[in-house]
Amino acid sequence: MRKREKIIKVLLLACGVVSVLTTFGIIWILLSEASVFFKTVSIKEFLTSDQWTPLFADKHFGILPLLAGTVLTSGIAILVALPFGLTIAIYLNEYAPKQLRKVVKPMLEILAAVPTVVYGYFALTFVTPLMQTVLPSLSGFNALSPGIVMGIMIIPLISSLSEDALYAVPKSLREASYGMGATRFQTAFRVLVPAALSGITVSVLLAISRAMGETMIVAIAAGQQPRLTFDPTVPIETITTYIVQVSMGDVERGTIEYQTIFAAGLALFGLTFLLNNISFWIKKKFTRKYE
Amino acid sequence: MAEKSKMVEKESLIAENVNVFYGDNHVIKNVSIVMPENSITAFIGPSGCGKSTFLRLYNRMNDYIEGFRKDGSIIFNGKEIYSKDIQLEELRKKIGMVFQKPNPFPKTVYENIVYGLRIQGVKDKALLDEVVESTLKKVFLWGEVKDQLKKSALALSGGQQQRLCIARTLAVEPSILLMDEPTSALDPISTAKLEELVFELKKTLTVVIVTHNMQQAARISDKTAFFYMGELKEFSPTKQMFTNPKEEITQNYITGRFG
Ligand SMILES: Nc1ncnc2c1ncn2[C@@H]1O[C@H](COP(=O)(O)OP(=O)(O)O)[C@@H](O)[C@H]1O
Ligand SMILES: [Mg+2]
């Protein structure tokens with residue numbers, strides 16, 4: 001019996017070690033390959049140049065256009081996902097009968113399980129033409145449609161985590177509010193949402209990093225034209241799309257073109273790493289406050 | 001004076017043949033009781049006998065509990081409070097509640113007090129300021145917190161928080177105040193302060209207080225209701241209840257033979 005316990009313990013430890021090692025492996029490869037890149041291209045050029053044309057004869061290595069594409073599409077996504085996600089969370093938590101909540105939550109989570117390639121073609125062949133009927137100047141490839149569709153994709157992430165946060169608000173606060181003659185609506189917006197704000201913020205940050213890392217939808221529907229703009233109607237490119245474009249093309253290993261993907265990857269990693277850390281910090285700082 | 005007594009009569013609180021069920025669990029059994037106005041009524045009885053449940057009938061706080069069902073009537077101001085056309089929000093402004101554990105909102109002291117007025121749409125800053133000061137004075141908290149109005153209410157001590165919760169309830173000027181073991185989470189000094197406050201409050205309102213502490217009931221209440229297994233066993237003036245109870249079971253309970 002004790003031997004078995006020991007084996008299980010070792011196995012569990014091994015699993016933990018593997019995942020930590022993987023993470024470090026990824027960081028190591030990103031850093032080492034990117035360091036080769038930065039021997040040729042200065043960090044200043046990388047961070048300030050407004051063009052990204054590593055595959056052209058006239059090469060420029062400014063990450064800003066890709067960064068703008070990533071921020072723009074994720075920004076649109078969050079603008080869509082936050083109001084819907086939060087409304088759903090409040091509805092499920094405050095208004096919906098318990099039974100409905102049990103059914104709706106897993107159903108919503110299916111949204112997150114749809115293959116992203118399906119979302120991509122949905123954006124390209126349905127949302128874009130639809131938007132063009134109201135916005136004729138919209139290009140066939142643009143930031144708007146994939147942004148909206150990514151927003152739909154991350155709704156369950158926000159609604160589910162926010163609902164958990166609302167659910168965790170002590171019942172006593174709810175009773176205090178009702179006891180003062182507040183309506184459900186007032187209770188939700190004046191007491192529950194503020195009390196759950198840290199959890200809601202965490203859900204939003206995680207949703208943003210999910211959107212920033214999303215590849216397929218933007219690769220299919222946003223076009224592949226790095227462009228430093230915040231105009232959602234024209235084709236753009238995101239960091240992830242660029243990485244896919246290069247790794248699937250016939251760029252030779254060891255060339256500067258090849259190394260760009262590690263530099264770009266490092267930029268994306270830095271960004272999501274930062275977001276995740278902020279959310280972790282918020283969670284830690286505020287979790288115990290309202291017990 | 002004449003006007004006052006008329007008003008008091010109008011705001012009577014009468015329960016008649018009330019039964020409560022949680023699912024199949026019959027927790028209040030045919031209770032009828034008339035609350036005397038401008039006085040303090042204590043609910044006592046062993047744990048689980050239905051004191052909280054009965055108290056929470058008055059402001060319909062049990063409505064949120066799954067499987068809750070009641071019959072019989074509860075009349076406030078001449079109106080059945082469980083009828084369809086009752087405005088729940090209005091009812092709760094009139095019948096305020098203080099809970100067992102202090103439950104201030106995670107907001108500032110100031111925002112806690114004005115919460116009830118804000119949700120009624122009051123925006124007049126001068127009025128809000130005035131209400132904050134006057135209600136905090138009523139609960140003897142003004143001197144202690146007047147320099148921390150913009151600080152989080154969660155930074156106050158437990159006793160201060162509970163008095164803040166009372167102030168918050170008083171700010172909307174209820175005519176009845178329900179208190180469910182309001183001192184059970186407090187130290188003896190805070191408890192004494194709170195009792196003094198409750199005593200003061202009965203000049204202007206009707207107080208119903210659930211307490212586990214028989215000395216407390218004896219100290220502050222005018223009438224005492226003894227609940228046992230969902231039944232109202234005895235309802236008498238407090239003095240009489242503690243010196244010469246009518247029922248043997250009351251006698252056994254207050255002399256500490258069980259409970
Ligand atoms: N939320 C609830 N759901 C189901 N049963 C409950 C609930 N709250 C209380 N009860 C039951 O109702 C009875 C009375 O409880 P309560 O009113 O809390 O008693 P007291 O306040 O006198 O201790 C108990 O049997 C208790 O188990
Ligand atoms: Mg109780």
- Query: Is there a residue in segment B:54-63 that is modelled with pLDDT of 95 or more, crowded, with 20+ Cβ neighbours inside 10 Å, more than 14 Å from every other protein chain (Cβ to nearest Cβ) and within 13 Å of ligand 1 (Cβ to nearest atom)?
  - Reply: yes
- Item | Any pair with Cβ under 8 angstrom, 6 or more apart, that starts in segment B:93-116 at a residue that is under 12 Å from A:GLY179 (Cα atoms) and ends at one that is in a strand (DSSP E or B) and among the acidic types (Asp, Glu) | B:MET97/B:ASP180; B:VAL98/B:ASP180; B:PHE99/B:ASP180
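Here's the yes/no breakdown for (1) in contact with a strand residue (DSSP E or B) (Cβ under 9 Å, 6 or more places away or on another chain); (2) away from ligand 1 (no atom under 16 Å from the Cβ); (3) open to solvent by 10 Å² or more (accessible area, probe 1.4 Å):
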position	(1), (2), (3)
B:LYS146	no, yes, yes
B:ALA153	yes, yes, no
B:LEU164	no, yes, no
B:LYS193	no, yes, yes
B:ILE209	yes, no, no
B:ASP222	yes, yes, yes
B:LYS233	yes, no, yes
- Item | Of all residues in segment B:65-75 being open to solvent by 10 Å² or more (accessible area, probe 1.4 Å) and touching an Asp or Glu at 6+ places or on another chain (Cβ under 8 Å), the one that is nearest to ligand 2 (Cβ to nearest atom) | B:GLY72
- Limited to segment B:152-171, what total is found for residues that are within 20 Å of B:LEU201 (Cβ to Cβ), within 14 Å of chain A (Cβ to nearest Cβ) and either at pLDDT below 95 or part of a helix (DSSP H, G or I) (or both)? 10
- Quick check, is A:GLU5 surrounded by 10 or more Cβ atoms within 10 Å (Cβ to Cβ) and out of contact with any strand residue (DSSP E or B) (no Cβ under 8 Å at 6 or more places or on another chain)? no
- Exactly one of B:SER47, B:SER39, B:SER12 is open to solvent by 60 Å² or more (accessible area, probe 1.4 Å) and at pLDDT below 95, and that residue is B:SER47
- Message: Residue under question is B:ILE86, and the condition is that it be within 16 Å of ligand 2 (Cβ to nearest atom) and more than 17 Å from the chain's Cα centre (by Cα); does it hold?
- Response: no
- Screening A:THR53, A:THR48 for residues that are open to solvent by 70 Å² or more (accessible area, probe 1.4 Å) and over 22 Å from the mean Cα position of the chain (by Cα) leaves only A:THR48
- Message: Need pairs with beta-carbon distance below 7 Å; first residue more than 12 Å from chain B (Cβ to nearest Cβ) and within segment A:179-207, second open to solvent by 10 Å² or more (accessible area, probe 1.4 Å) and not in a helix (DSSP H, G or I); sequence gap 6+ or separate chains.
- Response: A:GLY199/A:ALA168
- Test B:LYS93 against the stated conditions and say whether it is among the charged types (D, E, K, R), closer than 22 Å to B:ASP180 by Cβ, within 14 Å of another protein chain (Cβ to nearest Cβ) and within 16 Å of ligand 1 (Cβ to nearest atom). no
- Determine whether B:ASN103 is assigned to a loop (DSSP other than H, G, I, E, B), within 14 Å of chain A (Cβ to nearest Cβ), within 16 Å of ligand 1 (Cβ to nearest atom) and open to solvent by less than 10 Å² (accessible area, probe 1.4 Å). no
- Query: Does B:ALA185 satisfy being at pLDDT below 95 and within 16 Å of ligand 2 (Cβ to nearest atom)?
  - Reply: yes
- Query: Just one of the numbered conditions (1) within 16 Å of ligand 1 (Cβ to nearest atom); (2) closer than 19 Å to B:ILE14 by Cα; (3) not in a helix (DSSP H, G or I) is not true of B:ILE75; which one?
  - Reply: (1)
- Has segment B:191-212 got at least one residue that is in a loop (DSSP other than H, G, I, E, B) and within 30 Å of B:ASN25 (Cα to Cα)? yes
- Task: Within segment B:26-52, track down each residue that is over 14 Å from B:GLU234 (Cβ atoms), within 12 Å of the chain's Cα centre (by Cα) and within 15 Å of ligand 2 (Cβ to nearest atom).
- Result: B:SER52
- List pairs: first in segment B:39-59 and over 14 Å from B:ALA217 (Cα atoms), second near ligand 1 (Cβ under 6 Å from one of its atoms), Cβ under 6 Å, 6+ apart or cross-chain? B:GLY50/B:VAL27; B:THR53/B:VAL27
- Could you say which residue among B:LEU178, B:LEU186 is more than 14 Å from chain A (Cβ to nearest Cβ) and surrounded by 14 or more Cβ atoms within 10 Å (Cβ to Cβ)? B:LEU186
- Item | Inter-residue pairs, beta-carbon under 9 Å, first in contact (Cβ under 8 Å) with a residue 24 or more places away in the chain and in segment B:178-203, second open to solvent by 80 Å² or more (accessible area, probe 1.4 Å) and of a type in the set (A, V, I, L, M), 6+ apart | none
- Take B:GLU247 and decide whether it is exposed (fewer than 15 other Cβ atoms within 10 Å of the Cβ) and in contact with a Lys or Arg (Cβ under 6 Å, 6 or more places away or on another chain). yes
- Note on the structure: Inside segment A:208-221, the number of residues satisfying the requirement of being touching a Leu at 6+ places or on another chain (Cβ under 8 Å) and within 15 Å of A:LEU268 (Cα to Cα) is 5
- Message: Among the residues that make up segment A:155-169, is at least one of them surrounded by fewer than 20 Cβ atoms within 10 Å (Cβ to Cβ), farther than 20 Å from A:VAL204 by Cα and in the same structural domain as A:GLN224 (by TED's automatic domain parsing)?
- Response: no
- Exactly one of B:LEU127, B:LEU177, B:LEU149 is more than 16 Å from ligand 2 (Cβ to nearest atom), assigned to a loop (DSSP other than H, G, I, E, B) and at pLDDT 95 or above, and that one is B:LEU149
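The values are calculated or read from the model by the stated rules, or taken from the named source; none is laboratory data. Everything numeric in this text was worked out from a predicted model, so none of it was measured. We place every Cβ from the backbone using ideal geometry, glycine too, and count neighbours over all the protein chains shown. Just the protein is used for accessible areas: all its heavy atoms, side chains included, with ligands, DNA and RNA removed. Shrake-Rupley method; radii C 1.70, N 1.55, O 1.52, S 1.80 Å.
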